[in-house]
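Following: one structure in structure tokens, then a few remarks.
The values are calculated or read from the model by the stated rules, or taken from the named source; none is laboratory data. The structure displayed is predicted, hence computed values, not measured ones. In this analysis, Cβ positions are derived from the backbone assuming ideal geometry, glycine residues included, and neighbour counts consider all displayed protein chains. Only protein heavy atoms, including side chains, enter the accessible area calculation; ligands, DNA and RNA are left aside. Shrake-Rupley method; radii C 1.70, N 1.55, O 1.52, S 1.80 Å.
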Amino acid sequence: MRNPATRAELVKLARILETDVESLEHLSYLEAERLRTLREGITEALFEKFRATFSGFARLSSMLPLGISARISERVLGPTLSGRIAGEMPPKKAIELSERLSDTFLADTCLHIDPVRAKPIIAGFPVDRAVAITRLLLERGEMITMGRFVDVLPRDTLFAATDAITREADLLAISFFVENSDQLDQVIDYLDVERREAIIHAAAREDLWPEVIATLLRIGKVPRMAMSELAMAQDAAILDSLIRAAAAEDLWPALLTMADEIPESAIGRLAEQPAFGEANVIRSVIDSIVANDLWARFRGQLTAMGTDRVARLIEVAAAERGPFLWELDKRLAGDDADVEALRRAVRELDTDTRKRASAACDNGHLASALAGVN
């Protein structure tokens, strides 16, 4: 699978272009930031093309009585034009007009509003009304729309909307499309430990680990460490689901990035799970290290993985991924902790495995360890 952030950007771009994600697969090689720049440029270009028209309607709406403007919005303009026009209206006037519009129509309109342009309106929008519209959007599964609004919601509205979303799986789905990491930090800080744990359980139960990982990568270091350690402290079934998701979706680059921040004991607990010893899982780790140039991060975790798991990795590599051992051997240096971890692991291997691994190596420290040279 591609980087979770890239996946989120492709989904948002598909929404703007009114197409499906599959038709944009040729763009999946781009980094998330490049896709975001492309999406924002397209959004701006589409808006600027008709900006004079939107501004004209906004001036007209400001001149008419609110009741007439509301009827024109619902019966003539519809949610698409009304959403585009809203960003050009004076905030106070737009909020007054919204009081005359139904919750259903406002929910429809949210799909066509640019939250960034409408931020002054959103800042003054009544919290209780925002919660009512949140529930409507939630019923419709409009996670992309809700994620875009999270980026600009004021604090009180953000927390009230969070409370209104009772399913943790929905919170995860929405967070996948949020871009403002400060807003995500506030939400994580607002949630109590019980609800944070419920989010982790929802990820395991509903195969939402990519959404969790994508969210963790975008929040601050302190909340990321807290959530990561909490995840690693869960029972074996939860950790097993994380390992299998990482293998299936190639989440290893993200997990290795976060592994640098959490205690070795937490990494060791993940590595000791039975799933981590399966050949298909180990192959996925090896392939991800090679494809994503994760050698430094991987070597930094060899000690935390434990002797048995490192030995198992060498065993699988010797049988099926010989070039991996050759490259690893080339990269080892001196008295690094990872060299000692490999030496300990080599002692756990049988003679035939050591011979196969040695034949695959270069002529470095791993080769020496396999040959019994200290």
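Brief remarks on what is shown
- Phi angles across segment 264-270 convert, under the Karplus curve 6.51 cos²θ - 1.76 cosθ + 1.60 with θ = phi - 60°, into 3J(HN,Hα) values of 4, 4, 5, 5, x, 5, 5 Hz, Gly and Pro given as x.
- By accessible area with a 1.4 Å probe, ligands and nucleic acids excluded, highest first: order of Asp235, Asp308: Asp308, Asp235
- Set Lys330/Lys355; Lys221/Lys330; Lys12/Lys93 screened for pairs whose C-alpha atoms are more than 22 Å apart: Lys221/Lys330; Lys12/Lys93
- Only one residue of Gly306, Pro274, Ala203 has its Cα farthest out toward the positive end of the dipole of the chain, where Lys and Arg carry +1 and Asp and Glu -1 on Cβ, and that residue is Ala203.
- Ranking by accessible area, most exposed first, for Asp128, Asp250 with a 1.4 Å probe: Asp128, Asp250
- Percent accessible area from carbon and sulfur atoms, the chain, protein chains only, probe 1.4 Å: 52 percent
- Dipole magnitude of segment 273-374, debye to nearest 20 (Cβ charges: Lys/Arg +1, Asp/Glu -1, about Cα centre): 40 debye
- Surface exposure of the chain, expressed per residue as accessible area with a 1.4 Å probe, stands at 47 Å².
- C-alpha center-to-center spacing [segment 273-330, segment 179-244] in angstrom: 25 Å
- Among the chymotrypsin sites (Phe, Trp or Tyr not before Pro) in segment 281-374, none sits in a DSSP loop with a Cβ that has at most 16 other Cβ atoms within 10 Å.
- Computed with the Debye formula from one identical point scatterer per Cα of segment 145-229, without solvent, the log10 of I(q)/I(0) at q = 0.18, 0.20, 0.23, 0.25 Å⁻¹ comes to -0.69, -0.87, -1.21, -1.47.
- Report summary: the helix-based calculation at 222 nm, which adds -39500 (n - 2.57) for every DSSP H run with n ≥ 4 and divides by the residues of the chain, gives -21000 deg cm²/dmol.
- Computed over the chain: relative contact order in percent, which uses C-alpha pairs under 8 Å that are six or more apart: 10 percent
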